[in-house]
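The values are calculated or read from the model by the stated rules, or taken from the named source; none is laboratory data. Just so it is clear, the structure is predicted and the values come from calculations on it, not from any experiment. Reconstructed Cβ throughout: ideal geometry from the backbone, glycine too, with neighbour counts over all protein chains shown. Just the protein is used for accessible areas: all its heavy atoms, side chains included, with ligands, DNA and RNA removed. Shrake-Rupley method; radii C 1.70, N 1.55, O 1.52, S 1.80 Å.
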Amino acid sequence: VGLVYMFNLIVGTGALTMPKAFATAGWLVSLVLLMFLGFMSYMTTTFVVEAMAAANAQLRWKRMEKRKDDEDEDSSSGVSDSDVLLQDGYDRAETRPILSVQRRGSPNIFEITERVEMGQMASMFFNKGNPCMLCCLSTIFPFPAVGVNLFYFCIIVYLYGDLAIYAAAVPVSLMQVTCSATGNHSCSVGDGRKYNDTDKCWGPIRRIDAYRLYLAAFTLLLGPFTFFNVQKTKYLQIMTSLMRWIAFILMIILALIRISRGQAEGHPSMAQLSGIRNLFGVCVYSFMCQHSLPSLITPISKKKHVNKLVLLDYVLILAFYSLLSFTAIYCFRNDTLMDMYTLNFTNCEIINVAFIRYFLGLFPVFTISTNFPIITVTLRNNWKTLFHREGGTYPWVVDRIVFPAITLIPPVLVAFCTHDLESLVGITGAYAGNGIQYLIPAFLVYCSRKDTQLVFGSGTVNKHLSPFRHTFWIVFVLIWGFSCFVFVTANIVLSESKL
């Protein structure tokens, strides 16, 4: 079940922008880069799992030390053994995974039984007492816990990008479907015509006006959730997962049917270097799961072969992405592929069943709308954690008004200014996604290994040690991550200077 959740988490909104990125960069370059970035993502996933195990070992060690101190105090104060046993049983019941099987004997100290989020791991391992590379920044900058702050900065930027993509994707889908349905160009999404934002939608209302009206309605309907806590989302997740699978399978089948009938129009090139920048960002964004691994891995009962099973997940996801993208670029001409791939199926020539056309056209509206409140609350809580100080509390206005406002307003403003989804996904993946998927896991696993050696001795072996255990792989990931920053930035600067 955990691996199914991971598959659903990774195969999300980014996959809908991948076909156009494939067509822009060329099929061979796209396939090679997709496979390489999938491998890199798997490597850093194993890094995060290893860091989780090291964090669990450290917490378990501290708890054992505290228990010894308490027992020494209890023996002198006269507390009964039964009280200690009851409390100990309660602690174990609260920290073990929900699907765990009760076993006799003491568990391995590196067993992953307690969920430790990436922010907590950053707090544990990115400190001045740990001789890791990132901690050297603490001597350069006069701020405490600079590694933790850099982590939160990276995750906050990524979540802002996520919300901007979501805030733009829903109004774009609504604008495209309703303007096509009510105008003179009904069912013409895939006919090769490119509509400008200034084209008419309904009477005097332009397409850009319709987009902004939908954006305002989206903000007014879902924005208030930012000011409250969103819980009990299990049924929403089940519904969106089911709709996602139906939509993706429908698009693959419809594209294959059109290709088999000889109606394919796509003639993709082999390589176009100008499209690599956006393709890189889209692929990184489409393999993102590292920040959610603690919630996915911890409840799994038997974790002995978790790395092999995660590898199987990545192979299936890679095959799925390849199938979706290749059927798309051979079915549709490059200039007709939409930023949001589902919109290519609102054309009557592709499918003459009105219900399927509207289902695929409005698919992002349903799925993204259910995820938007969850991400806004996550971002708001990260802001609170970043500025939180031990023992301090926020005033009511700051807690209930300021933090939700700074969470909601920036992504809505970005979506108001642009609805270029491919660029939004590309920039979010290339910058913030690069940090979360490559740099932070590499620093985490390096620091956790140094910390484990300090606490438990150099001979201690982490049972969840990554298959990429040599320091070379950490250095390779760091060099790759920093090189990607430089490459993407240089590519953007050169593109802008040409314009």
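Numbers at a glance
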read-out	value
Of all residues in the range 391-411 being open to solvent by 30 Å² or more (accessible area, probe 1.4 Å) and among the β-branched types (V, I, T), the one that is farthest from V377 (Cα to Cα)	T393
Residue ID - farthest from the chain's Cα centre (by Cα), chosen from residues in the range 419-435 that are farther than 21 Å from F153 by Cβ and open to solvent by less than 50 Å² (accessible area, probe 1.4 Å)	H419
Meets criteria (assigned to a helix (DSSP H, G or I) and buried (at least 22 other Cβ atoms within 10 Å of the Cβ)) for L316	no
All positions within the range 1-58 that are open to solvent by 20 Å² or more (accessible area, probe 1.4 Å), more than 20 Å from the chain's Cα centre (by Cα) and among the aliphatic types (A, V, I, L, M)	L28, V29, L31, V32
Odd one out for W202, checked against (1) touching a helix residue (DSSP H, G or I) at 6+ places or on another chain (Cβ under 6 Å); (2) surrounded by 16 or more Cβ atoms within 10 Å (Cβ to Cβ); (3) modelled with pLDDT under 85	(2)
Elements of type helices (runs of 4 or more DSSP H) contained in the range 225-310, each with 2 or more residues being within 20 Å of S41 (Cβ to Cβ), open to solvent by 10 Å² or more (accessible area, probe 1.4 Å) and at pLDDT below 85	276-286, 293-297
Filtered residues of the range 334-381 (kept if touching a Cys at 6+ places or on another chain (Cβ under 6 Å) and open to solvent by 40 Å² or more (accessible area, probe 1.4 Å))	C348
Total residues in the range 435-474, condition part of a helix (DSSP H, G or I) and not hydroxyl-bearing (S, T, Y)	21
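Each row is one residue, and each column tells you yes or no for (1) farther than 30 Å from G481 by Cα; (2) touching a residue at least 12 places away in the same chain (Cβ under 8 Å); (3) of a type outside the set (F, W, Y).
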position: H388; (1), (2), (3): no, no, yes
position: P395; (1), (2), (3): yes, no, yes
position: I427; (1), (2), (3): no, yes, yes
position: G433; (1), (2), (3): no, yes, yes
position: V445; (1), (2), (3): no, yes, yes
position: F456; (1), (2), (3): yes, yes, no
